[in-house]
1. May I ask you to derive the FRET efficiency for Val146 and Thr179 from their Cβ-Cβ distance with R0 = 22 Å, giving the value to the nearest 0.05?
2. What is the local net charge at Leu186, summed over the other residues whose Cβ is closer than 15 Å to its Cβ (Lys, Arg +1; Asp, Glu -1)?
3. Heavy atoms only, 1.4 Å probe, whole protein assembly: order His177, His213 by accessible area, highest first.
4. Net charge within 11 Å of Gln3 by Cβ-Cβ distance, Lys/Arg positive one each and Asp/Glu negative one each, not counting Gln3 itself?
5. Leu167 to Val30: extension gain in nm, 0.36 nm per residue of separation minus the Cα-Cα distance?
Amino acid sequence: MLQAAIDAARQILSPPFRNVLFKSLGMTFVLLALAWVGLDKLTLSFVSVDNVILHTAITFATGAGLVVGLAFLIAPISVLVAGLFLDDLAEIVEKEIDPAGEPGRPLPAGQALVMALRFALVSAGVNFIALLLLLVPGINAIVFLVANAFLFGREYFAFAATRYRSLEEARELTRRHATALFLAGLLIAGFVSVPGLNLLTPLFGVAFMVRLHKRLAAAPAPRPFVRAP
């Protein structure tokens, strides 16, 4: 597992991954800029102040609030945008680790969109909870890491698995290897917990989980327990 993580971290610096990173970051910041302009105008439209000093103070306060809010949204939006390129990234990884093997099937457009939205909502939910827990010292970091490890480990593995099997089979494989996926998710949580580095989470998550899926899928399923007569 550790070797798979090291190989994945090394691959996200390769040219194909960098191209996806630049495209996703560009789209992310365009969306954030549009959100900034829209929210700023919307907020000020509810405030009518004739005093110039008070109006300036409100403008600065609004801007500060938007900075905090949009900083919180960077990770979820980057996950949503990068979700549009996950199949392309997965194919690159599959060709590198098994050039002669059968490539995975790209997800249908509808399913890929749903999965990207789910990634983004999970990221937003976890980051929001972590933001609230900043007021509770001692447990915030632990809860943040555990929640990310559980959620992102399962989500990225499910994506890698559904390129080769049905959704039901992917869920069964996820349940079978729940402990391994939680441990792998801790490594992804390390990316999520570092500002700036969290923008690389989709790239690392895909590169890592495609490798891990190849290994776990090759492992024999446990035999059902049969009581001796």
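1. Result of the calculation: an efficiency of 0.95.
2. Local net charge: 0.
3. Heavy-atom accessible area, descending, gives His177, His213.
4. +2
5. 46.0 nm
The values are calculated or read from the model by the stated rules, or taken from the named source; none is laboratory data. Worth saying up front: this structure is predicted, and the values here are computed from it rather than measured. Don't worry about glycine lacking a Cβ; one is built from the backbone with ideal geometry, like all the others, and counts go over all protein chains shown. Side chains are part of the model used for accessible areas, which takes the heavy atoms of the whole protein and leaves out ligands, DNA and RNA. Shrake-Rupley method; radii C 1.70, N 1.55, O 1.52, S 1.80 Å.
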